[in-house]
Structure formats: structure tokens, C-alpha cells
Amino acid sequence: MRILEAESLSSTNDYLKAFIPSCEDLIVTAKRQTGGRGTKGRSFLSDEGGLYLSQLKFYRDFPASRAFSVMMHAAAAVCRCAEAFGVSPEIKWPNDILVGPDRKKLCGILIESGMCGELLDYTVIGIGINVWNDVSALRIATSLYAETKKIIPVREVRDALIEQLLLPFEPEAYFSHLRFLGEKIRVTEGGKEYFATALRVLEDGRLEIQTQEGLRALSSAEIGILPRRSV
Ligand code: BTN
């Protein structure tokens, strides 16, 4: 697979979209992004010192109903990569990577995909990991530097992440990093907010929760894990 490296891009995800007609699997990294994008239309702070990587991947005969496995693989790859540098990350459904007792965000993942009927055609898997960039202005963010007090070269993190991304998918690598199951969560869904207990992530990616009204399976919603002491 070709791996491209750039100094500065608007967004590594957007850059790779220009390669979709060529049907070539590719990875690109940038030292910084000027228009880094997050989920739900948010922006993603992308100063130098972070790893900004996108992977363009094409599929054959891959049912769109299994698309969540792409997210699972990316999240597990980030966790294993971070572990190689001495931190113990966990996954907040669906794919935020959190670290430490305050559950600060080390990495964000944005996956954009194209379908062909019922089949998945391609995905652009965008990953932003805070390595030594300054995240002190973001209350909920952390970095490998903040966690380990070591300045790790971004290149080393990039190589470790690419190695993990290119390994075969192992569902257990995702499930074993879910530590919030059994805990109370705040669910924000369609403008409404309510509390529930997180039970399990189903194979299709839905989060099963226990609410006061009974069991529900969420396919898209924002969740916040309540601090353990307030439960
Ligand atoms: C989120 O937490 O909301 C997802 C953030 C995803 C950021 C990465 S950085 C590399 C790729 N390029 C982008 O513009 N976004 C993703």
C-alpha cells in the first residue's frame, strides 16, 4: 500500500477523496491540518505534534451491514498503538479513545464511506492522535505527552499505527477495550437527553442500554460516561 506524507493539508480525509476514482488503497499523513474535521460537523484541532492519518480502503463483496467492523478495527488499532507507548486506553462507544481516570480523549476517528447498493465500496478512515501537541486548552483532551511525560516522535506513532491498521481484523481487540459497560451513561439522542446503563455493544455496532422503560439498542447517539463517584 502506498503511504504518502504531507507537511500540511486541509484535511487528510478530504485529500484522499480525490483518489477514489483510482480505486487504489492508500494512506496519507500530514504534520498539521488547516481544516481538520471531526464527527457531527465539528472541527478537529490539528496543530503540529499530532498524528493526522487517513486510510482509503476498497472492499469486495463486503455487506454494508458489517461496516461497523471497520470502526472497530480502527479503534482497536489505535488502542494497541497507544499501548506500545505506555498508556492504557479504553474505547467509548462507538470509537472515541479515552485515557486515565478522568477519561480524557487521546484520539478521534472519523470514518466516511461509499456504498454500492447493499455493499460497502470504500471507506476513508481518518484518525487524529494527540502525540505532543498542546491540548491544554481542551478540557476533555489529553496527549501521549501529557500521559507519559515523554516526547515521542510522531513518526514512531505513525509507524506503529500503520502496522496495527494493516493487521487482520480481530473483534476481540475492540471488545476487550470497552470498559464502560455496566456504568451509568447520559444519552443525547434527537435533541433529548436521558440516563441509562450501558450493557453491551452488539456485533452490528448498536449499543444496548437499560433505560427506565426497558432495553434499547442505540445505533447513533452521543453518550457521556458519568463519573463513577456520581453514580
Ligand atoms: C472526532 O473525534 O470528532 C473525530 C476526529 C477525526 C480527526 C481525524 S484527523 C485525520 C482525519 N482528517 C480529518 O479531517 N479528520 C480526521
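Things worth noting here:
- Test for Phe19: is it aromatic (Phe, Trp, Tyr) and away from the ligand (no atom under 16 Å from the Cβ): no
- When Phe180, Phe169, Phe175 are screened for being open to solvent by less than 70 Å² (accessible area, probe 1.4 Å), under 30 Å from Leu26 (Cα atoms) and among the aromatic types (Phe, Trp, Tyr), only Phe175 passes.
- Conditions (1) more than 16 Å from the chain's Cα centre (by Cα); (2) open to solvent by 90 Å² or more (accessible area, probe 1.4 Å); (3) closer than 26 Å to Val87 by Cα; number of the one not met by Glu213: (3)
- Unique match (being aromatic (Phe, Trp, Tyr) and part of a strand (DSSP E or B)) among Tyr174, Tyr194, Tyr145: Tyr194
- Test: residue in the range 1-10 that is among the aliphatic types (A, V, I, L, M), within 18 Å of Pro168 (Cα to Cα) and open to solvent by 60 Å² or more (accessible area, probe 1.4 Å): yes
- Taking the range 30-134 as the region of interest, the strands (runs of 3 or more DSSP E) fully inside it that hold 3 or more residues being away from the ligand (no atom under 16 Å from the Cβ) are 104-116, 119-130.
The values are calculated or read from the model by the stated rules, or taken from the named source; none is laboratory data. In this text the structure is predicted, and so the values were computed from the model without any measurement. Cβ coordinates were reconstructed from backbone atoms using ideal geometry, including for glycine residues, and neighbour counts include every protein chain displayed. With ligands, DNA and RNA removed, areas are computed over all heavy atoms of the protein, side chains included. Shrake-Rupley method; radii C 1.70, N 1.55, O 1.52, S 1.80 Å.
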